[in-house]
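Taking it in order: structure first as structure tokens, then the write-up.
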Amino acid sequence: MCLGGTFEDDNSYCDEIDFLIGDTNLDHIVNIQDVLVLINLILENESGYNADINDDGIINVIDVIDLVNIILN
């Protein structure tokens, strides 16, 4: 299992990835664009890198609320 700024790739190795929690479009800035990407992922029933903000295994409206809280705080 990969932790921190990493992710598991094909269950065989980990690639180092620097990320910000909530940066769903991977532009290294957490802002309203990330909220829009997250909402589109939910509406299209797709998963996305760094989209499960609360890490519960489900991408849903709770993640949107958490992402908005990250931006506002």
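For every residue, the table says whether it meets (1) modelled with pLDDT of 95 or more; (2) surrounded by 10 or more Cβ atoms within 10 Å (Cβ to Cβ).
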site	(1), (2)
V35	yes, yes
L38	yes, yes
I42	yes, yes
N50	no, yes
G57	no, no
V64	yes, yes
L67	yes, yes
L72	yes, no
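Looking only at residues that are open to solvent by less than 90 Å² (accessible area, probe 1.4 Å) and among the hydrophobic types (A, V, I, L, M, F, W, C) in the stretch 4-25, which one is modelled with the lowest pLDDT? So the residue we want is F7.
Each residue in the stretch 18-73 was checked for being among the aliphatic types (A, V, I, L, M) and not in a loop (DSSP other than H, G, I, E, B), and 18 pass.
The values are calculated or read from the model by the stated rules, or taken from the named source; none is laboratory data. What you are looking at is a predicted structure, and each value in this text was computed from that prediction instead of being measured. Please note: Cβ atoms are built from the backbone with ideal geometry, for glycine as well, and neighbour counts cover all protein chains shown. Note: areas computed on protein heavy atoms with side chains; ligands, DNA, RNA excluded. Shrake-Rupley method; radii C 1.70, N 1.55, O 1.52, S 1.80 Å.
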